[in-house]
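Let me begin by presenting the structure, written as structure tokens, before commenting on it.
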Amino acid sequence: MPAPSAPWWRDAVFYQVYVRSFADSDGDGLGDLPGITSHLRYLRDLGVDAVWITPFYPSPQHDAGYDVSDYTGVDPLFGSLGDVDDLLTRAHRLGLKVVVDLVPNHTSVEHAWFRAALDAPAGSPERARYLFRPGKGRGGARPPNNWSSVFGGPAWSRIHDGQWYLHLFDATQPDLDWSNPEVAAMFDDVLRFWLDRGVDGFRIDVAHGLAKDRSLRNQRGRRSGETDLPSDRQGSMVERRDVDEPMWDQPGVHDIYRSWRRLLDTYDGDRMAVAEAWTRTPESMARYVRPDELHQAFNFAWLLAPWSAAAFADVIRGTLDAVRPVGAAPTWVLSNHDVVRHPTRYGGGHRGLARARAATLTMLALPGSAYLYQGEELGLEEVDVPPEFRQDPVWFRTGGVGRDGARVPMPWRGTHSPYGFSRAGTTPWLPMPDDWARLTVAAQRRDPASTWSFYRDALRARRRFADAGEDVEIVDGRATVLEVRRGPLTVVCNCGPRPARLPPGTVVLTSGPLDGHLLPPDTAAWVACA
Ligand code: BGC
């Protein structure tokens, strides 16, 4: 169990704010920092402990801000440094921690370093901050190796003088060469800049990608240009342990995090960092949270699991077994801005929402910390954004797969778009569905049976079990019902087709109505056992 003196993040509930879609204060159709600040009380009332804010730095926005051109500034689209300070002050006053996104794997093509690299000759120190290489074949016309971009297509683009540069994501996101000490030094300064301003931590984007195999050798078992979409990569994460990936999860990344840990430890207030590392196994995930490395790593295993008691039990067991030896606490997450929202993944409609609520209640019963994605407290589903409104580079590089459907702005109030997200009459950056009036925050706060009220109640109840400890026992998880005991709290999640019996005790909370004393299918319950 976390010691009484355990740091705040160890069992915190984080709420991910996707800045462009949370709240627009100036009427340009895009969310911004003052919009977040004016809704911090909402987050406090919902009952979360911390807010993770996606990138708000200057950027040409080719990948919604994950293409940073200046790591210590604020894009005027989102506000100013003064707005960051206001946000931090207000959040801290309300007792909320604030985590910002750090994007160290790549810069934007508009970053001063990349511009300088394009102006400098091959072999120059300016080029050495990135991964420029000559091509293969006659005239160097073929890319230096067979690596694919996560966003589809080859991971290399060619520049005016014939050299190629590596980009594991969009062509506008050139990968940095982390074996160059200048790169590490720059990011040390970036970390210090935001820590000095008062942020409580960082979410490390693509944390498993910074170090590449030094030789940049071909990936075995892959044809050149073969697409490796996030969904493929994620879907095969656990099953394909033997896959050859010279670009991901290389031993060298851990030196970087050891050095960041030393830096973070020079600050007071339990500053933390969480790795976004799509690793293949729970064991490799756990390597990022060894005592001298990062504090947390996203555990994507649950998010990738099907609706199945046995699969959930495997994930819980695998996760806890992996983090226990390194003394870390697990994290849990069901949705974020890169994946299909979980009610839709679970089939959509009434059943999808029932399952999503049950999965959430189960997740919130587990030890460690949980990450929520904005809008999940409203039960929002993935939106089928029409092709003409699509913005995600993945959509364009793959011709048909994209993440915009999870990024549609938050509906706050009212009966039609933009539902209080922005000033009336404003067109939001992604269209908001016509039938969201019943899903707005205002509508759901009035309804004790709404998904919003359920999240608020669950977060409140979770605080009552804060001392329940970190040891869990999987009582059942072989067939259709998952039953997990954690101290005085037992969570039961019915993934099967028939009502299930609850263990003796007092029912604290359920994700949906009970059927007499029985737990209906697609429903979870917390039971306090004597
Ligand atoms: C972020 C994505 C982004 C990618 C490249 C990810 O893992 O979450 O939204 O497109 O990194 O920065």
Subject >> Asp268 vs. criteria modelled with pLDDT of 95 or more and surrounded by 15 or more Cβ atoms within 10 Å (Cβ to Cβ) >> reply: no
Subject >> Exclusive hit being assigned by TED's automatic domain parsing to the domain that holds Phe78, without any contact (Cβ under 8 Å) to a residue 60 or more places away in the chain and buried (at least 18 other Cβ atoms within 10 Å of the Cβ), set Glu377, Glu381 >> reply: Glu381
**OP:** Could you give me the residue pairs with C-beta distances under 6 Å whose first residue belongs to segment 387-402 and is closer than 15 Å to Pro428 by Cα, whose second residue is within 12 Å of the ligand (Cβ to nearest atom) wherever it lies, and which are 6+ apart or on separate chains?
**Re:** Arg390/Gly402; Arg390/Asp404; Gln391/Asp404
Original post:
What residue, among those in segment 126-141 that are in contact (Cβ under 8 Å) with a residue 24 or more places away in the chain and open to solvent by 20 Å² or more (accessible area, probe 1.4 Å), is farthest from the ligand (Cβ to nearest atom)?
Top reply: Pro134
Subject >> Which numbered condition Asp196 fails, given (1) open to solvent by 20 Å² or more (accessible area, probe 1.4 Å); (2) away from the ligand (no atom under 16 Å from the Cβ); (3) outside the structural domain of Asp75 (by TED's automatic domain parsing) >> reply: (3)
Original post:
Between residues in segment 148-171 that are open to solvent by 20 Å² or more (accessible area, probe 1.4 Å) and small (Gly, Ala, Ser) and residues that are within 15 Å of the ligand (Cβ to nearest atom) and modelled with pLDDT of 95 or more, which pairs lie under 6 Å by C-beta distance while being six or more apart or on different chains?
Top reply: Ser157/Ala171
Original post:
Picking from Trp307, Trp302, which residue would you name as being touching a residue at least 60 places away in the same chain (Cβ under 8 Å), open to solvent by 10 Å² or more (accessible area, probe 1.4 Å), more than 17 Å from Glu470 (Cα to Cα) and of a type in the set (Phe, Trp, Tyr)?
Top reply: Trp307
**OP:** Test Trp278 against the criterion of being within 25 Å of Arg220 (Cα to Cα) and under 16 Å from the mean Cα position of the chain (by Cα), and give yes or no.
**Re:** yes
Original post:
Looking at segment 81-109, which of its residues are part of a loop (DSSP other than H, G, I, E, B) and either over 24 Å from the mean Cα position of the chain (by Cα) or under 19 Å from Asp270 (Cβ atoms) (or both)?
Top reply: Leu94, Gly95, Leu96
Subject >> Check on Asp205, of a type outside the set (Val, Ile, Thr) and exposed (fewer than 15 other Cβ atoms within 10 Å of the Cβ) >> reply: no
Original post:
Is there a residue being closer than 28 Å to Val183 by Cβ, of a type outside the set (Gly, Ala, Ser) and touching a His at 6+ places or on another chain (Cβ under 7 Å) anywhere in segment 84-105?
Top reply: no
Original post:
Which of the residues spanning segment 281-294 are away from the ligand (no atom under 16 Å from the Cβ), crowded, with 21+ Cβ neighbours inside 10 Å and in a loop (DSSP other than H, G, I, E, B)?
Top reply: Glu293
Subject >> Matching residues, segment 110-125, being of a type in the set (A, V, I, L, M, F, W, C), open to solvent by 30 Å² or more (accessible area, probe 1.4 Å) and not in a helix (DSSP H, G or I) >> reply: Ala122
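One line per residue, one yes/no per condition, for (1) assigned to a helix (DSSP H, G or I); (2) among the hydroxyl-bearing types (Ser, Thr, Tyr):
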residue	(1), (2)
Glu381	no, no
Glu388	yes, no
Pro411	no, no
Thr415	no, yes
Trp429	no, no
Original post:
Of the residues Trp260, Trp278, Trp302, Trp307, which is aromatic (Phe, Trp, Tyr) and in contact with a His (Cβ under 7 Å, 6 or more places away or on another chain)?
Top reply: Trp278
Original post:
Out of Arg423, Arg462, which single residue is touching a residue at least 60 places away in the same chain (Cβ under 8 Å) and under 25 Å from the mean Cα position of the chain (by Cα)?
Top reply: Arg462
Original post:
Among the residues of segment 391-431 satisfying the criterion of being away from the ligand (no atom under 16 Å from the Cβ) and aromatic (Phe, Trp, Tyr), which is surrounded by the fewest Cβ atoms within 10 Å (Cβ to Cβ)?
Top reply: Trp412
**OP:** Look at Gly79 and say whether it is assigned by TED's automatic domain parsing to the domain that holds His337 and within 25 Å of Ala461 (Cα to Cα).
**Re:** no
**OP:** Go through Leu77, Leu81, Leu33 for me and flag whichever is open to solvent by less than 10 Å² (accessible area, probe 1.4 Å) and either more than 16 Å from the ligand (Cβ to nearest atom) or of a type outside the set (Gly, Ala, Ser) (or both).
**Re:** Leu33
Original post:
Does segment 362-370 contain at least one residue that is part of a loop (DSSP other than H, G, I, E, B) and on the phi < 0 side of the Ramachandran plot?
Top reply: yes
**OP:** Could you pull out the residue among Asp321, Asp338 that is part of a loop (DSSP other than H, G, I, E, B), within 20 Å of Met285 (Cβ to Cβ) and open to solvent by 10 Å² or more (accessible area, probe 1.4 Å)?
**Re:** Asp338
Original post:
Are any residues in segment 289-315 out of contact with any Gly (no Cβ under 9 Å at 6 or more places or on another chain) and of a type in the set (Asp, Glu), and if so, which ones?
Top reply: Asp292, Glu293
Original post:
Is at least one residue of segment 438-458 touching a strand residue (DSSP E or B) at 6+ places or on another chain (Cβ under 7 Å) and not in a loop (DSSP other than H, G, I, E, B)?
Top reply: yes
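The values are calculated or read from the model by the stated rules, or taken from the named source; none is laboratory data. If you're wondering where the values come from, they're calculated on a predicted model, not measured in any experiment. Cβ: placed from backbone, ideal geometry, glycine included. Neighbour counts: every protein chain shown. Calculation scope for accessible area: heavy atoms of the full protein, side chains included, ligands and nucleic acids excluded. Shrake-Rupley method; radii C 1.70, N 1.55, O 1.52, S 1.80 Å.
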